[in-house]
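Each remark here refers to the structure printed beneath this line.
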Amino acid sequence: MTVFVVSLFLPNTINFSLPTSTATTPPNNQAPPRPQRPIRALTRTNTKVDVLETPSLFNQRDITPPDTPIAEDNHVDFFSQGDANKFNIHHPKQPGPKSILAPSDPHSPAWGTGRLFTQPRSRASSPPPADILKHNKTAEKAAALGRAGIRQPQLEGRSESHDRVFAHANWNVVPADQGNGGLRNAVAAAERSGCLDDKIWVGTLGMPTDALEDTQQKQDIEDRLATEHDSLTVFCKDSDFDGHYTHYCKQILWPVFHYQIPDNPKSKAYEDHSWVYYVKVNQAFADKIVANWKRGDVIWIHDYHLLLVPNMIRKKLPDAKIGFFLHVAFPSSEVFRCLAVRKELLEGMLGANLIGFQIHEYARHFLQTCSRLLCVEATNDGVQLEERFVDVIDTAIGIDPVALETSRADPAVAEWLNTMQERYRGKKLIVARDKLDYVRGVRQKLLAYELFLNKHPEWRDKVVMIQVATSTTEQAELDATVSDIVTRVNSSWANLAYQPLVYLKQDISYPQYLALLTVADALMVASQREGMNLTCHEYLFCQDGKFAGHNKNGSLILSEFTGSASVFGGNELSVNPWDYRQCADAIFKALVMQDQEKEQRWSKLYEAVMHHTAEHWFTTFLARLDKVYDEQYRRDTTSIPRLSINALSQSYKKSQRRLFMLDYEGTLASWGSPHDIILTSPQRTLDVLNDVLADERNTVYVMSGRQPEELDRLFKRVPNLGLIAENGCFIKKFGASEWTEQANLEKMHDWQDSVEGIMQYYHERTPGSWIERRHCSLIFHYKSCEDPESASRQAGDCASHINDACEEQRVKAIPTEHAVIVAPIDWSKGTAATQIYEQIEASGDANVDFLTVMGDGRDDEVIFRWANELERQKKVKHVTTVSLGAHNTEAGYTLTQGVTGVLTVLQKLGQLS
């Protein structure tokens, strides 16, 4: 079995070696492009670096804002000082050994390793052209407008020269800077422990590749990665990748998933037609996987870059075992519904057999969103589609302690640790490392720190905050705001011997980072919304005192809006990043906390970190995928055998006490929906039931969603027939004349009044809809609406509203075809069947040794499960569950002849008596 690990970026990329003259002198005597300012966390050196382009993927502008105007050069030098060899920092032309551990943050750039890759220039224009959706535009028109992917004549010579240089350049495979480091660590941990035998990475190189088009070199690169690095390379046009990643992923999906709806006046989201490119890149991934998949392989797709891939693969490979995991937050339905292509994204994810989220909150949001926007039934375990069930779980990713322990043993870490301890002797250190974007809450954190210094002047020369802010896409306004805060704080309280806030708008090397986590007294994370923040996991691991000389047991100040907060059990100092006073108080508490309390808190946090490891996450997900795939395959109607009347007849003859549980609508009668007003039954149905009941060893119950008085009129000519009304809320026992109420009708009226008010709201907004009130349920009908799409949307909103508002009242809204049914959670066909079976068993007569259950609807699945469980526990010798529906089912058999087939089977059994 091969596991396809599918993520946008491969763990490796390509670094080219170009002649110095080529790299420094552009063709046609053009002025060289202005390079991006190199990462300052490297060593100070005059070494000449031969690069044709900046290390960023496709952005050809200098997006790095000016330095913060404070006297921070001493700190920059401090974190950068030293001999490159001493601290294992490598120049671009001298790449170092492969890292033991990748950066854990799945959405941050790599550590300041000193690598500036030499790679081709992107041909993509930015942003994507506004006319991309106007398919009648000709290539000549696009060329005249200078659009993406069309060479302009004045650049023709330069592009061709650029292509020739890279087409014949030497190259080597190097570890990539970008990508999901947490995923890479998890894969490495699973391989090391023997839990993963065979895997193939699927992803892009994370670099422009148009210059390599149709060259032998491109094929050589693909072959090298496949044979030596277990990787399938997905090649995309530069314009496709730029539109997909830089624009749709980063400007639309990322903000929306983190509760930042791009509707402000400065947003370019609605001028950006990059959805077309998002589809193209996802299709390229799907095609690559389909071409290489073999039966038995596992496909595991990762993150929001590839939401469409599961369903794209499902269409080509219906039997494939597909898992999907989202590494970022999933917003509430109110936020997700703002996306123009919301249904396409949800349906793309639902192509998987198993969908994973970091925490329960995100899984619940996904289930509610599917119920609301797709009008499908969402249970606690997953989403019930018509043809199959999609399981949904939450399992938190973590760090790799084994590899992290090895990395901590690097001599460079110890040297940096000693240097930092000496530098900040007598000071309490609060550290932080974040991307400089609105989601990470750097501004809120610094304002809270400023408030802390204002409230507690006694700490002004005793505490230092070190904020590492890694580079992101252009956030000029945020950068200016943060710079102003830093300037204000340091100008207010700094002196020749003390600077309260060290702000590094750069990344630092991995040894420096580990030393910083080890020496810190507190780590502060103020994200406004985030999945798992693995920085805090690494911090807690580094606080064990093994390398600091004594147990630090530092405090963790953590935003309640991070996924990590859900696994730490309240042992962290939880804060709301928008509440500056609370954050300031948390800083104070972290600094004055007694050693005993710090140790108790850290011990519990450390235990959580060691439980939710990367290896545990990896193996848990794959084990669950295997399980749900087998369960779903068993429920697939194509794999369920047809009912054998001969085999059923043999079991019937051998039994002494028989129990039949038969659904009415769609099973015993081909018409007579519970939503229609039809109060007569076909004569053949009545005759067949009477024939079966002629044998005193037979007990027959008919189940329906109708009200008791309706069933009495339908079956008044069938004496001794047991009836179950309103899906289990009423039972008329076999041979009895009166109904037994299972539900308390007074309590039913209480919730019905409040739910009907909600339904009325949506009824007024859905012309053609109507509300039906029954004894124990309410039904919102919209079958006759003139605008089905709008009615379906309103029905989904209605069901979501009711489920959110009435959870404590023990009722649930279930979307069905053309209706939303609201019924009690505590009573169902399953509860009614259980009571009936137990009463028969307790009556003293012969035990039931023959049980047949027949139904056609989704609401019959609960009784199929009940019957199958009796067989599994060997309480009933002969159990037969039969489904007439085309959907996937828990039933053991199917009948393709519909109602006619059911009546034929029952008629033959009746003739055997």
Any residue at all in region 322-336 that's surrounded by fewer than 23 Cβ atoms within 10 Å (Cβ to Cβ) and free of Cβ contacts under 8 Å to residues at least 24 places away in the same chain? yes
Looking at region 796-807, can you tell me whether even one residue there is hydrophobic (A, V, I, L, M, F, W, C), closer than 28 Å to Thr667 by Cα and either under 29 Å from the mean Cα position of the chain (by Cα) or not assigned by TED's automatic domain parsing to the domain that holds Ser644 (or both)? yes
Restricted to region 562-580 and to residues being in contact (Cβ under 8 Å) with a residue 40 or more places away in the chain, over 21 Å from Met610 (Cα atoms) and of a type outside the set (Val, Ile, Thr), the residue surrounded by the most Cβ atoms within 10 Å (Cβ to Cβ) is Pro577
Among strands (runs of 3 or more DSSP E) lying entirely in region 491-561, which contain 3 or more residues that are over 29 Å from the mean Cα position of the chain (by Cα) and under 15 Å from Ile466 (Cα atoms)? 501-504
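Residue by residue, here is whether (1) within 19 Å of Ile359 (Cα to Cα); (2) surrounded by fewer than 22 Cβ atoms within 10 Å (Cβ to Cβ); (3) of a type outside the set (Asp, Glu); (4) in contact with a Gly (Cβ under 8 Å, 6 or more places away or on another chain) holds:
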| position | (1), (2), (3), (4) |
| --- | --- |
| Asp507 | no, no, no, yes |
| Ala520 | no, no, yes, yes |
| His537 | yes, no, yes, yes |
| Cys583 | no, no, yes, no |
| Leu591 | no, yes, yes, no |
All conditions in (1) within 30 Å of the chain's Cα centre (by Cα); (2) not in a strand (DSSP E or B); (3) not assigned by TED's automatic domain parsing to the domain that holds Gly898 are true of Pro815 except (2)
Could you list all residues from region 877-892 that are surrounded by fewer than 18 Cβ atoms within 10 Å (Cβ to Cβ) and under 16 Å from Ser649 (Cβ atoms)? Lys877
So which pairs qualify, if the first residue must be in region 200-222 and basic (Lys, Arg), the second must be at pLDDT 90 or above and part of a loop (DSSP other than H, G, I, E, B), the Cβ gap must be under 9 Å, and the two must be at least 6 apart or on different chains? Lys218/Phe235
Where Thr406 falls short, out of the listed (1) in contact (Cβ under 8 Å) with a residue 60 or more places away in the chain; (2) in a loop (DSSP other than H, G, I, E, B): (2)
Whether any residue in region 214-229 is at pLDDT 85 or above, buried (at least 22 other Cβ atoms within 10 Å of the Cβ), over 16 Å from Ser7 (Cα atoms) and of a type in the set (Asp, Glu) is what I want to check. no
With (1) at pLDDT 95 or above; (2) surrounded by fewer than 20 Cβ atoms within 10 Å (Cβ to Cβ); (3) under 30 Å from Leu884 (Cα atoms) as the list, and Val392 as the residue in question, which single condition is left unmet? (2)
With the checklist (1) part of a strand (DSSP E or B); (2) acidic (Asp, Glu); (3) out of contact with any strand residue (DSSP E or B) (no Cβ under 8 Å at 6 or more places or on another chain) in hand, flag the one item Asp391 doesn't pass. (3)
Here the residues within region 404-439 that are farther than 13 Å from Tyr513 by Cα, surrounded by 18 or more Cβ atoms within 10 Å (Cβ to Cβ) and hydrophobic (A, V, I, L, M, F, W, C) are Leu429, Ile430, Leu436, Val439
Condition first: part of a loop (DSSP other than H, G, I, E, B) and not aliphatic (A, V, I, L, M). Now tell me which residues in region 723-752 satisfy that. Cys729, Lys733, Phe734, Gly735, Ser737, Glu738, Trp739, Gln742, Asn744
Close pairs (7 angstrom Cβ cut-off, 6 or more residues apart or separate chains): over 18 Å from Val692 (Cβ atoms) in region 719-741, among the small types (Gly, Ala, Ser) and assigned to a helix (DSSP H, G or I) anywhere: Gly728/Ala832; Ile731/Ala832
All but one of (1) at pLDDT below 90; (2) more than 27 Å from Asn490 (Cβ to Cβ); (3) out of contact with any Ser or Thr (no Cβ under 8 Å at 6 or more places or on another chain) hold for Gly531; state the number of the condition that does not hold. (3)
Among (1) closer than 23 Å to Lys343 by Cβ; (2) surrounded by 16 or more Cβ atoms within 10 Å (Cβ to Cβ); (3) not β-branched (Val, Ile, Thr), where does Glu786 come up short? (2)
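The values are calculated or read from the model by the stated rules, or taken from the named source; none is laboratory data. The structure displayed is predicted, hence computed values, not measured ones. Cβ sites come from the backbone with ideal geometry, for glycine too, and all protein chains shown count toward neighbours.
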